[in-house]
């Protein structure tokens, strides 16, 4: 799961997004990307999808390349 709680240097706790490809923290939303692959078929109200969080650029390209090879 890419959303975790982290204790920061000042002692506060907050949610952080972790890249599912490289495992590093996405420190800025501008440097992150959210990807999902809905199942084949019609989307219906109430359907949920697993999401993957990646660093933009390199990690997103790696994920998309892997997805294309696996038929997504």
Output for the range 5-21, where each listed residue is touching a strand residue (DSSP E or B) at 6+ places or on another chain (Cβ under 7 Å) and surrounded by fewer than 11 Cβ atoms within 10 Å (Cβ to Cβ): 5, 7, 8, 13, 14, 15
Filter result (assigned to a loop (DSSP other than H, G, I, E, B), more than 23 Å from residue 7 (Cα to Cα) and in contact with a helix residue (DSSP H, G or I) (Cβ under 9 Å, 6 or more places away or on another chain)) within the range 18-72: 37, 56, 57, 72
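Computed from the coordinates by the stated procedures, all read-outs in this text should not be read as laboratory data. Predicted model only: the values in this text are computed from it and were never measured. Glycine gets a Cβ as well: all are built from the backbone with ideal geometry, and neighbour counts include every protein chain shown.
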